[in-house]
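**Q** What follows is a single structure, and I will ask about it in a moment.
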Amino acid sequence: MDQALFQKDMGYFHDEQGILKAISSCGFFVYEMHTWRSWQSRSYEGMRSMGRTGYPCPLFTQVRTCSLTLKKKRIQWMERPAPYLESTTYLAKALPALLGTFDMFASCVVVILWLVNSASASLGGPVGLTYWLLGGLTFLLPSMLITAQLGVMFPLDGSLYTWTYQAFSLGNRRPFLNTFWSFLIGGSFWLIGPMALVIAANAFLSFIQGIAPPSLQVRWLSQPWQQGLFMIGIVLICNVVALQRFRIVQNLVNAIFVLNLLAFVLIALSGGLWLLSGHPSATDFSHLAGWMPNQQNVAAFGLICLGYLGAPTSVTMIGEFRQPQQVRRAIVHHLRLATMLVIPVYLVITAVLLLFPSQALANPSNVNFLPVEVVDLVLGKGFGNLTAICLLAFFLISPVVYHLASSRILMMGGIDHRIPEQAGKLSKERVPVVALWVQTGVAVLMLAVIYLIGPIFTSLGQPADLASKVYNVVLASLTLVSVVATLFLYINLLVAYRRAPSYVQAHRLVPLWVLWLACVVGTGSCLLVFVDTLLNSWTPLMTNTEWLIAVGALILVLVLTLALTGIFAVSEASWQLWRHE
């Protein structure tokens, strides 16, 4: 940076705030400020030697200082001395930059918009619509906004894993504690990958049970061990898809995005034609009491908000965006469009399902299959089969997006020496094969425990009932750990602002009061979802007390496991740093 350019960027500021703003615009952090009473002349050599960085935040490994001296003022500043994550630069070079804005938009929608979630929400009546709207405004919207903000501040692979490290590293405060927090939160967010595989396999099974003849179900899918083996096969198929070249997988994701919208159009059209043909609504929407939250239906709020999980997933692979100069626009644009699409679709599908009486449907007990039943009834079996095919394809591809995003976090942990380095291995197609197989193994182990090992203990209940209990407890526990990870979106932004307010100001997307409002509302909704899910059982097979003990114990085990692994990661990072020195 020559003197003329420096003068142009910096101007002639004679106050601390002006200097702070100017230096921040150059992409550097002000570390500390001192006022001198003596006259000093301007010095530009330090700034010239440093140059500019290609990222909004500096990524250097050595501590270097530079002094800029002005009239009666002197500012000493240094770049962040904490070592940056090796994985961020490695992935930018090793993985192909193939993602476009539409790819990110399609991935975000495919991750969040599971149409079958509306079926569960419709069971409670019109209050399900109230909760979808409240959840969208208090859970999804704040998480999307803060995800966009952190993505713009730190446009690197890894999302919460990277953001937590970068935010806590500002100012070089306790660097190894930063490693611990980033690993703990990154690990919590990573659990979404294996969890999505299990949920999708279960949804796929429910659709097969809705399509297959009863005689076939009794013979092949009636016992828990049969269901478990079937779902393990679905998980393996998802992993085979994920092991293909990334561009091929992304093309499949884009196609599934279109098929998911086609299923939505068919379901919405069925609702419209049902009313136009003179059929009355099965639900009375005129009674205000049916729309109001109360103690009896408050458990539905937690379940509905969990349908909004996954906002940072599409940004986890932002380092693979093919146009780095437009990354800010891409992050903001795709998250905004996804938010504008997801909330109305959930509301429409739930409202449509509320129009139909249960006795008019062939199999109302299969909740996930209700959208297909509606299309069958109104548009005929052909369109119903088309809707079922669209949703079955969705259940195979949507978890693949989670699978790939989580594999980036696991791979980065290996590259950063937090876990064995083999986790960072890539295939010749530049696919993280080891990370993908590890996640697949975790999902298979979960299914084996739920459907193969759990039902053996018949003294605890009937095999089918026991499998249902274990499934709901495991799913709820993993989901709540993911909610904690989502909570750190807001904590990361607050920590970053406290340690480097000028940097956050230089990259903010909206006024500060909007960011703080989103943090307050988002934090409150996360805590409410956590408490609500912990205190209210998801299954009638368990009382609320039994549910609290089981879910609370499993969450404690998961958190302790992640914490102990994080301590190991800190010691490993310390050893690596000592060895390099």
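The values are calculated or read from the model by the stated rules, or taken from the named source; none is laboratory data. Computed from a predicted model, the values in this text were never measured in an experiment. Cβ placement follows ideal geometry from the backbone for every residue including glycine, while neighbour counts extend to all protein chains displayed. Just so you know, the surface numbers come from the protein's heavy atoms only, side chains and all, with ligands and any DNA or RNA stripped out. Shrake-Rupley method; radii C 1.70, N 1.55, O 1.52, S 1.80 Å.
**Q** So which residues in segment 394-436 are open to solvent by 10 Å² or more (accessible area, probe 1.4 Å), out of contact with any Gly (no Cβ under 9 Å at 6 or more places or on another chain) and at pLDDT below 90, if there are any at all?
**A** 417, 426, 427, 428, 429, 430, listed by residue number.
**Q** Please tell me if residue 236 is within 24 Å of residue 103 (Cβ to Cβ), touching a residue at least 24 places away in the same chain (Cβ under 8 Å) and either open to solvent by 50 Å² or more (accessible area, probe 1.4 Å) or out of contact with any Leu (no Cβ under 6 Å at 6 or more places or on another chain) (or both).
**A** no
**Q** Also, quick follow-up: Please verify whether segment 424-435 includes one or more residues that are in a helix (DSSP H, G or I) and of a type in the set (Ser, Thr, Tyr).
**A** No, there is no match, as no residue in segment 424-435 is in a helix (DSSP H, G or I) and of a type in the set (Ser, Thr, Tyr).
**Q** Name the one entry in 261, 266, 306, 252 that is farther than 21 Å from residue 404 by Cα and touching a helix residue (DSSP H, G or I) at 6+ places or on another chain (Cβ under 7 Å).
**A** 266
**Q** Also, quick follow-up: Would it be correct to say that residue 391 is touching a residue at least 12 places away in the same chain (Cβ under 8 Å) and either open to solvent by 10 Å² or more (accessible area, probe 1.4 Å) or of a type in the set (Ser, Thr, Tyr) (or both)?
**A** no
**Q** Could you tell me which residue of segment 307-325 is surrounded by the most Cβ atoms within 10 Å (Cβ to Cβ), considering only residues that are polar (S, T, N, Q) and at pLDDT 85 or above?
**A** Only one residue tops the list, namely 316.
**Q** Residues that are in contact with a Phe, Trp or Tyr (Cβ under 6 Å, 6 or more places away or on another chain), farther than 16 Å from residue 354 by Cα, assigned to a loop (DSSP other than H, G, I, E, B) and not β-branched (Val, Ile, Thr): does segment 153-164 have at least one?
**A** Yes, because at least one residue in segment 153-164 is in contact with a Phe, Trp or Tyr (Cβ under 6 Å, 6 or more places away or on another chain), farther than 16 Å from residue 354 by Cα, assigned to a loop (DSSP other than H, G, I, E, B) and not β-branched (Val, Ile, Thr).
**Q** Any chance segment 465-482 includes a residue that's in a helix (DSSP H, G or I), open to solvent by 60 Å² or more (accessible area, probe 1.4 Å) and in contact (Cβ under 8 Å) with a residue 60 or more places away in the chain?
**A** yes
**Q** If you don't mind, another one. State all residues of segment 244-290 that are loosely packed, with under 12 Cβ neighbours inside 10 Å, small (Gly, Ala, Ser) and closer than 27 Å to residue 383 by Cα; if no residue qualifies, say none.
**A** 277, 278, listed by residue number.
**Q** Scan segment 127-139 and give yes if some residue there is open to solvent by 10 Å² or more (accessible area, probe 1.4 Å) and closer than 19 Å to residue 369 by Cα, otherwise no.
**A** So far as segment 127-139 goes, no, none of its residues is open to solvent by 10 Å² or more (accessible area, probe 1.4 Å) and closer than 19 Å to residue 369 by Cα.
**Q** Could you go through segment 184-200 and let me know if any residue there is open to solvent by 30 Å² or more (accessible area, probe 1.4 Å), touching a Ser or Thr at 6+ places or on another chain (Cβ under 6 Å) and of a type outside the set (Ser, Thr, Tyr).
**A** yes
**Q** Between 263, 268, 282, which is in contact (Cβ under 8 Å) with a residue 40 or more places away in the chain, assigned to a loop (DSSP other than H, G, I, E, B), out of contact with any Lys or Arg (no Cβ under 9 Å at 6 or more places or on another chain) and among the hydrophobic types (A, V, I, L, M, F, W, C)?
**A** On inspection, the qualifying residue turns out to be 282.
**Q** Determine whether residue 206 is free of Cβ contacts under 8 Å to residues at least 24 places away in the same chain, polar (S, T, N, Q) and either within 25 Å of residue 480 (Cα to Cα) or open to solvent by 50 Å² or more (accessible area, probe 1.4 Å) (or both).
**A** No; evaluated as a whole, the condition is false for this residue.
**Q** I need a count of the residues in segment 328-342 that are closer than 26 Å to residue 274 by Cα and surrounded by fewer than 20 Cβ atoms within 10 Å (Cβ to Cβ).
**A** Total meeting the criteria: 1.
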